[in-house]
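Quick note: the coordinates plus some simple rules give every number you see, no bench work behind them. Nothing here was measured: the structure is a model prediction, and the numbers come from that model. A quick note on method: Cβ atoms are made from the backbone with ideal geometry, for glycine too, and the neighbour counts reach across all protein chains shown.
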Amino acid sequence: MTTVKKGIRVRLYPTEEQEVLFNKTFGCCRFAHNQTLSDCKLSYEQTQHFPSKNERITNLVPLKEENEFLKEVDSKALQQSVRDLNSGLDNFFKNKGHFGFPKFKTKHSQKQSYRTPWNNGSADVVDNKHIKLPKLGIVKTKRFDMPEVYKIFNITVEKTPTGKYYASICIETEVQPLPKTGKQVGFDLGLIDLLIGSDGTRYERPKFAYAYKDKLAKEQRKLSKMRTKLERANLSLDECKNYQKQKHRVAKLHEHIANCAKDFNHKLSIELVRNHDFIAMEDLNVSKMLKNHYMAYAITDVRWSQLVNFIKYKCLWYDKKFVQVDRFYASSKICSCCGTYHKDIVNSLSVREWICPDCGTHHDRDVNAAKNILNQALSVA
């Protein structure tokens, strides 16, 4: 039986004591990461060499002797933070053009998290309302479902900017195939319509960010004014309760918008995976497209990357086929009927419909692109 990795994210409801220990663990893992990165930089300046991976982990022993507070938290989580730093360094040296050099972490980061391995059941699922974590014991969760057969690799604990706690349980389980439909479809991504199918189906683009744009701008202006006043008075932002309350309001708005978009993308992706056996999409360079300041807000609002990732991993989970076409493939400029390339006819985004001079077929720009994406994906699959 084919197996697949899954991540199950659940809300945590820690006690006050557990909440304190969570925050201590976040800080200690951050401290271990920063200290190890600092040692690597210092070693390179002195010897032109980085310490080995094993040396970085074994250096945690003297570090814990020097800093007694590190002994209060999960030792495996500290080791994992160093392993994650090792992975970051490996990625940087393997592909410097794609990965940046690891950075120091700050307690002011939007998200705080740490990861702890399964390690013979020290981090485990107790039942559908509780999980077990090292040093913390049993932690209450929102009700969740697990597969009948699974293997746990690790659990990541995360604190959001609004103060909520979540656990992401990384497991390996068997693929659960969905019924076959025999349908194949290609999708063109858009800003007017979110998805345009090769069968002519259109999925309207939700405008969650636009719906809250004015309210968010108003709350952000309040926050900015409060920050300016406090800085002029040389007062600490962390100690001002009104500033922290306003910061929390802005964070809640951002979280609400993100949750609305995520919920929509989850529902749409599972609908597409259920109804099709083969899905083809284009591989857009979203990060480069965001440099266009006229389109950046709209592109951020549609969350193309999130939707594509959801469809991709759900196809893997449910034994469906997903193919991405190369981003340089000119899907809009090729006639899907005769295959002729027309550079001059469809050379502007304002051209929404056109007629092929070779075969006389009338094309909708987006539907024609979706058909070409499907044909190209079938030829390379």
Count neighbours as other Cβ atoms within 10 Å of each site's Cβ, and list the chymotrypsin sites (Phe, Trp or Tyr not before Pro) in the stretch 126-173 that are DSSP loop with at most 11 such neighbours. none
For the stretch 218-313, Rg(Cα) over 2.2 N^0.38 Å is 1.55
Where nothing but the Cβ of Lys and Arg (+1) and of Asp and Glu (-1) is charged, how large is the charge dipole of the chain around its Cα centre, in debye to the nearest 20? 1220
Return the percentage of antiparallel bridges among DSSP beta bridges fully within the chain, rounded to the nearest 5 %. 85
[x] 1.02; [y] 1.05; [z] 0.98: which one is Rg/Rh (Cα atoms, Kirkwood Rh) as calculated from this entry? [x]
Distance check, please: which entries in LYS159/LYS267; LYS151/LYS288; LYS252/LYS321 exceed 28 angstrom between their Cα atoms? LYS151/LYS288; LYS252/LYS321
Net lengthening on full extension, VAL351/GLU204 (0.36 nm per residue, minus Cα-Cα): 50.9 nm
